[in-house]
Amino acid sequence: MAIVYIPQYSGEAARQYLIERGYELIERSDKVCDTDALSVCDGIVARAVPLIGEEDLKKAPHLKVIGRYGVGVDNIDVEACTRHGVQVTNAPLSNYISVAEHAWMFIMECAKNVTEVNELFRGERHYFNARNTNSGHDLFGKTVGILGLGRIGRRLAQMASGFEMNIIAYDPYVSQEQAPDGVTMMPRDDVLKNSDFVSLHLPATPETRHSIGRAEFEMMKPTAYFINCARGSIVDEAALIDALQSGVIAGAGIDVYETEPPAADNPLLYMSNVVCTPHLAGATKEANDRMGLHAAQGVHEVLSGQKPTWPVNKI
């Protein structure tokens with residue numbers, strides 16, 4: 001009987017899927033890789049464990065597959081897995097709708113100035129003062145710029161089109177011919193300069209790390225809003241904070257941070273022109289079920305000798 005190690009609870013759908021297919025489960029809840037479990041497991045369903053790297057793989061002589069709960073694999077050393085002959089899979093169809101909806105929620109909240117109005121209304125308890133100082137905006141006719149036109153970016157474009165917004169996008173791997181109808185592809189800097197809302201949906205790679213910083217924020221309109229539901233490492237957070245505090249940009253919607261969890265005194269958490277959430281854009285009930293299930297599916301496919309549906313590396 002093959003053994004699947006689940007370092008952190010990954011949902012009942014994943015558990016039942018694996019149990020029904022005859023796997024023995026080793027389940028933990030401490031978010032660290034247990035040496036004893038590594039020594040006997042054939043597969044891992046990896047959620048929020050710290051980086052699974054070379055030293056962990058050396059302790060796992062039977063390991064054949066790691067199924068990533070979610071899309072990003074920045075907590076798995078994929079190159080090391082490839083060297084050790086360990087297949088990595090992920091769940092790219094599990095949460096793209098949820099993340100796109102969250103980004104759209106940020107756009108709506110920023111446009112309608114919800115955070116500031118709520119603070120004013122609840123703080124002063126003055127109905128008309130809150131109403132009369134509202135400086136919200138219509139979305140009709142505004143321009144949304146999407147950095148990264150993968151599944152999430154495309155879904156967001158569909159939402160923006162329903163509000164009759166202008167949609168421009170940058171993606172180094174997508175040509176104008178490959179773009180959805182109504183989306184105009186542009187160089188990255190042109191997207192930054194021409195957007196009223198910039199929504200970031202690029203992957204976290206060494207090349208994209210801190211690729212959005214002071215220079216990029218200074219390209220944006222002073223009336224523009226920045227949305228990040230991708231990864232915190234892509235953005236120079238100190239530059240973002242400075243841009244928000246100094247009025248270089250108007251506001252932001254932030255779900256991810258350079259350091260997670262963010263420090264209790266992180267200024268982003270206390271600005272009236274920023275809407276913050278704790279890295280939960282892809283964590284709706286439906287998405288959580290799909291992420292666990294698809295990760296478990298990847299593990300089962302490899303352990304049963306099938307070609308994985310969503311391979312990350314080539315083995």
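The values are calculated or read from the model by the stated rules, or taken from the named source; none is laboratory data. What you see is a predicted model, and the numbers here were worked out from it, not measured in a lab. Cβ: placed from backbone, ideal geometry, glycine included. Neighbour counts: every protein chain shown. The accessibility values were calculated without ligands, DNA or RNA, using every heavy atom of the protein model including side chains. Shrake-Rupley method; radii C 1.70, N 1.55, O 1.52, S 1.80 Å.
Some observations on this one:
- Enumeration of residues in the range 262-287 that are part of a loop (DSSP other than H, G, I, E, B) and hydrophobic (A, V, I, L, M, F, W, C): 263, 264, 271, 280, 281, 283
- In the range 71-92, of all residues being of a type in the set (Val, Ile, Thr) and closer than 21 Å to residue 256 by Cβ, the one that is modelled with the lowest pLDDT corresponds to 71.
- For residue 248: the one exception among (1) more than 19 Å from the chain's Cα centre (by Cα); (2) surrounded by 21 or more Cβ atoms within 10 Å (Cβ to Cβ): (2)
- Within the range 94-117, residues that are modelled with pLDDT of 95 or more and assigned to a helix (DSSP H, G or I) sit with their Cβ atoms under 9 Å from residues that are hydroxyl-bearing (Ser, Thr, Tyr) and surrounded by fewer than 18 Cβ atoms within 10 Å (Cβ to Cβ), at 6+ positions apart or across chains, in these pairs: 97/284; 98/284; 101/284; 102/277; 102/284; 105/277; 106/277.
- Top-ranked residue of the range 80-93 - restricted to ones that are open to solvent by 10 Å² or more (accessible area, probe 1.4 Å) and touching a residue at least 40 places away in the same chain (Cβ under 8 Å), ranked as farthest from residue 41 (Cα to Cα): 93
- Consider the range 265-313 and keep the residues that are of a type in the set (Gly, Ala, Ser) and more than 30 Å from residue 245 (Cβ to Cβ). The one that is modelled with the lowest pLDDT is 287.
- For the range 247-266, filtered to residues that are of a type in the set (A, V, I, L, M, F, W, C) and free of Cβ contacts under 8 Å to residues at least 12 places away in the same chain, the residue that is nearest to residue 43 (Cα to Cα) is 263.
- Condition check for residue 156: touching a residue at least 40 places away in the same chain (Cβ under 8 Å), assigned to a loop (DSSP other than H, G, I, E, B) and surrounded by 14 or more Cβ atoms within 10 Å (Cβ to Cβ): no
- Residue 314 satisfies every condition listed in (1) closer than 26 Å to residue 87 by Cβ; (2) open to solvent by 50 Å² or more (accessible area, probe 1.4 Å); (3) part of a helix (DSSP H, G or I) except (3).
- Residue match in the range 53-73 (condition: in contact with a helix residue (DSSP H, G or I) (Cβ under 9 Å, 6 or more places away or on another chain), surrounded by fewer than 23 Cβ atoms within 10 Å (Cβ to Cβ) and at positive phi): no
- Of all the numbered requirements in (1) open to solvent by 20 Å² or more (accessible area, probe 1.4 Å); (2) touching a helix residue (DSSP H, G or I) at 6+ places or on another chain (Cβ under 7 Å), residue 103 misses one, and that requirement is (1).
- Number of positions in the range 267-283 that are open to solvent by less than 50 Å² (accessible area, probe 1.4 Å) and either free of Cβ contacts under 8 Å to residues at least 12 places away in the same chain or under 17 Å from residue 91 (Cα atoms) (or both): 3
- Hits in the range 21-39 - residues which are of a type in the set (A, V, I, L, M, F, W, C) and open to solvent by less than 60 Å² (accessible area, probe 1.4 Å): 25, 26, 33, 37, 38
- Check on residue 289, surrounded by fewer than 20 Cβ atoms within 10 Å (Cβ to Cβ) and either touching a helix residue (DSSP H, G or I) at 6+ places or on another chain (Cβ under 9 Å) or among the basic types (Lys, Arg) (or both): yes
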